[in-house]
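Values in this text are rule-based calculations from the coordinates and carry no lab data. The shown structure was predicted, so the numbers you read here are calculated from the model rather than taken from an experiment. Neighbour counts are summed over all protein chains in view; Cβ atoms, including those assigned to glycine, are modelled from backbone coordinates with ideal geometry.
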Amino acid sequence: MNCKEVLERIYKEIASKENKGAIATYIPELAKVNPDNFGVCFLSVNNEEHGVGDWQTKFSIQSISKVLALSFAYKTFGDEIWERVGVEPSGTPFNSLVQLESDNGIPRNPFMNSGAMVISDMLVSHLENPKEDFLNYVREICGSDQIQYSEAVAKSEASVGYRNKALCNFIKSFGNIENDPNEVLDFYFHKCAIEMSCQELSKTFLFLANHDFRTTKGKKVLSTSKSKRINAIMQTCGFYDESGEFSFKVGLPGKSGVGGGIVAVYPGKYCITVWSPKLNEKGNSYRGMQFLETFTTETELSIF
Ligand code: GLN
């Protein structure tokens, strides 16, 4: 199979069809993005890299950063973290509050906003300079110092983040947030406002696909068991209440963000990132879902 040819053909096919869905305008700064941006980066564990379209343009990675924050916290605190956040799919939208009341402030999983808030709180407690230290962590895994926060996006989200503020304060009322909610939210909004390209994301997430779970530079980020578990949570919870559908149609562990990015990994084989800002009604990239479904169906490169 000629992977480059397949990627380019699927890209053209999807780019010629109607681009459905809507940009995430609830964060005003994200509304400024060109809805027709469309990029793909495939990176194999043997370092075969193919990029199509806007694969080197940076975009707001949003919830994709939740995987990196979880990795950092898991490495730092080990299995203690599961006392404060679960590993079950929630079946609810990413920003839902409903289950927290009956679950006594323990979020169902670390990839919904509530869970990411608790993970952020752990990092804020532990790190001397949370924003700086987290950015350095991401840069090291990616092997690039060209990764930054967009202060404009972080500020924009903070200015309208009523729901996230409610979530954080609500969890605090159950005692599952240690720090001042404002500090936790500031870290959370920045973490979501990291900007990366498809190429940078594929390089970063390759550690979850690589033999022995190492970065492109050979560094072990997490133990093998912990890396496998991160992949398991991506498989079951990476797409909120569309996680079952993503598993069904694409068949890979993955994570989406409301900036329109999706990263997916095939452990032992490859990592692929797609970016197209228009989202379906579940908050996942419309073209991203379509592209990955077609790619894994045609190439039979899914884990099932
Ligand atoms: N920053 C966004 C929010 O908290 C992230 C959501 C997402 O990407 N699904 O609402």
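If the condition is being surrounded by fewer than 21 Cβ atoms within 10 Å (Cβ to Cβ), within 16 Å of the ligand (Cβ to nearest atom) and in contact (Cβ under 8 Å) with a residue 24 or more places away in the chain, then region 25-57 contributes Tyr26, Pro28, Glu29, Val33. Scan region 67-76 and tell me whether some residue there is more than 15 Å from the chain's Cα centre (by Cα), surrounded by fewer than 22 Cβ atoms within 10 Å (Cβ to Cβ) and closer than 21 Å to Tyr266 by Cβ. Taking every residue of region 67-76 in turn, none turns out to be more than 15 Å from the chain's Cα centre (by Cα), surrounded by fewer than 22 Cβ atoms within 10 Å (Cβ to Cβ) and closer than 21 Å to Tyr266 by Cβ. Residue check: is Ser243 buried (at least 20 other Cβ atoms within 10 Å of the Cβ), within 13 Å of the ligand (Cβ to nearest atom) and polar (S, T, N, Q)? Yes.
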